[in-house]
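To start, the structure under review is shown below, and the notes come after it.
The values are calculated or read from the model by the stated rules, or taken from the named source; none is laboratory data. Keep in mind that this is a model prediction, so the values were computed, not measured. Cβ: placed from backbone, ideal geometry, glycine included. Neighbour counts: every protein chain shown.
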Amino acid sequence: MPLITPHPALEIKDIEIHQPIQWLALAWKDIERCPTAGVTHGLILAVVAGGLFWFARDSFWWIAAMLSVCMVIAPLLATGLYDISRRLERGEEATLADAFRIWTSGDKRLIFFGLLLSLSSAGWVLCSAALIQWMVPASVHTPADFVRLVVLQPNSGLFELWVIMGALMAAPMFASTLVTIPLLMDHPTLTLQQAILTSWRVVALNPFSMACWAGILCLFTALGIGSAFLGLLGVVPMLGHASWHAYRDLVVYDPTVL
């Protein structure tokens, strides 16, 4: 099986640890210039997430599955915001219709990547269920069961182990998605494997900066979900536009290399 080699024209940049703050500032400027697209994206995710949560409110495992679905939807939904930011940086007009158009592009690489994200999310839910069912003497069905039997269980260490397992599974997903979708949008001839490899190279060169960025993503996401999903109206456009500017700072394309 041939090894996947880095794309020769893609150069990874070393950035300062405080650079993610600048991405948020640039994202705010994009939101000011094209607010309708950002709010619409946030509204879509808020309605989907809120509806799924309401449907699954009495079942802990359905809630876990629904949150995993939202984690898959979010980066794919953000492709519209990436296109808005790309158009704005070129000095072009950007509208909500442009964002919708990128969703219907039919790029097979993005479709396949979405399937990979779905499988990863499903794997997290299954591993969580296996761990808890193995270590908890009683069955966990409702959110109250999870709090009583896992979170509040003294001296078991199960909740801590569950969090560590989640972090270990989230880390490679973060490394695989960091700049992959913007790369695929920006370079039609780039393979999915090369885009994912480039994303991993970004994390390897900037581990502390990317840990800071991951923390910001988790914080904003928690605020968006914790506000009964209403915060997603602002969180989704902020993180979507900021992720595009992160990609621009972290990866440089040099066509003279080819």
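Taking the stated definitions as given, is Leu88 in contact with a Cys (Cβ under 8 Å, 6 or more places away or on another chain) and assigned to a helix (DSSP H, G or I)? Considered against the rule, which asks whether it is in contact with a Cys (Cβ under 8 Å, 6 or more places away or on another chain) and assigned to a helix (DSSP H, G or I), Leu88 comes out as yes.
For (1) closer than 30 Å to Glu160 by Cβ; (2) under 17 Å from the mean Cα position of the chain (by Cα), each residue gets a yes or a no:
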{"residue": "Pro35", "(1), (2)": "no, no"}
{"residue": "Gly42", "(1), (2)": "no, yes"}
{"residue": "Leu67", "(1), (2)": "yes, yes"}
{"residue": "Cys70", "(1), (2)": "yes, yes"}
{"residue": "Leu81", "(1), (2)": "no, yes"}
{"residue": "Ala97", "(1), (2)": "no, no"}
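Is one or more of the residues making up segment 34-57 of a type outside the set (Lys, Arg), assigned to a loop (DSSP other than H, G, I, E, B), farther than 19 Å from Leu183 by Cα and at pLDDT 85 or above? Yes: segment 34-57 contains one or more residues that are of a type outside the set (Lys, Arg), assigned to a loop (DSSP other than H, G, I, E, B), farther than 19 Å from Leu183 by Cα and at pLDDT 85 or above. Can you find a residue in segment 100-117 that is out of contact with any helix residue (DSSP H, G or I) (no Cβ under 6 Å at 6 or more places or on another chain), without any contact (Cβ under 8 Å) to a residue 40 or more places away in the chain, polar (S, T, N, Q) and at positive phi? Checked segment 100-117: no residue is out of contact with any helix residue (DSSP H, G or I) (no Cβ under 6 Å at 6 or more places or on another chain), without any contact (Cβ under 8 Å) to a residue 40 or more places away in the chain, polar (S, T, N, Q) and at positive phi. Restricting attention to segment 151-165, the residues that are out of contact with any Cys (no Cβ under 7 Å at 6 or more places or on another chain) and either modelled with pLDDT of 85 or more or closer than 30 Å to Arg248 by Cβ (or both) total 5. Restricting attention to segment 1-11, the residues being in contact with a Lys or Arg (Cβ under 9 Å, 6 or more places away or on another chain) and either modelled with pLDDT of 95 or more or closer than 27 Å to Glu92 by Cα (or both) number 1. Among the residues making up segment 81-102, those that are at pLDDT below 90 and crowded, with 19+ Cβ neighbours inside 10 Å are Ala94, Ala99. Determine, yes or no, whether Gly224 is under 27 Å from Gly42 (Cα atoms) and crowded, with 17+ Cβ neighbours inside 10 Å. For Gly224, the condition - under 27 Å from Gly42 (Cα atoms) and crowded, with 17+ Cβ neighbours inside 10 Å - is met. Scanning segment 150-183 for residues that are among the β-branched types (Val, Ile, Thr) and over 26 Å from Trp244 (Cβ atoms) gives Val150, Val151, Val163, Ile164.
Check segment 230-246 and report whether any residue there is surrounded by fewer than 22 Cβ atoms within 10 Å (Cβ to Cβ) and β-branched (Val, Ile, Thr). For segment 230-246, residues surrounded by fewer than 22 Cβ atoms within 10 Å (Cβ to Cβ) and β-branched (Val, Ile, Thr): absent. For segment 32-41, the criterion of a residue being buried (at least 18 other Cβ atoms within 10 Å of the Cβ) and either among the basic types (Lys, Arg) or within 29 Å of Ala204 (Cβ to Cβ) (or both) is satisfied by no position.
Pick from Leu52, Leu45: which is in contact (Cβ under 8 Å) with a residue 40 or more places away in the chain and either in contact with a helix residue (DSSP H, G or I) (Cβ under 7 Å, 6 or more places away or on another chain) or crowded, with 18+ Cβ neighbours inside 10 Å (or both)? Selected residue: Leu45, the only one of Leu52, Leu45 that is in contact (Cβ under 8 Å) with a residue 40 or more places away in the chain and either in contact with a helix residue (DSSP H, G or I) (Cβ under 7 Å, 6 or more places away or on another chain) or crowded, with 18+ Cβ neighbours inside 10 Å (or both).
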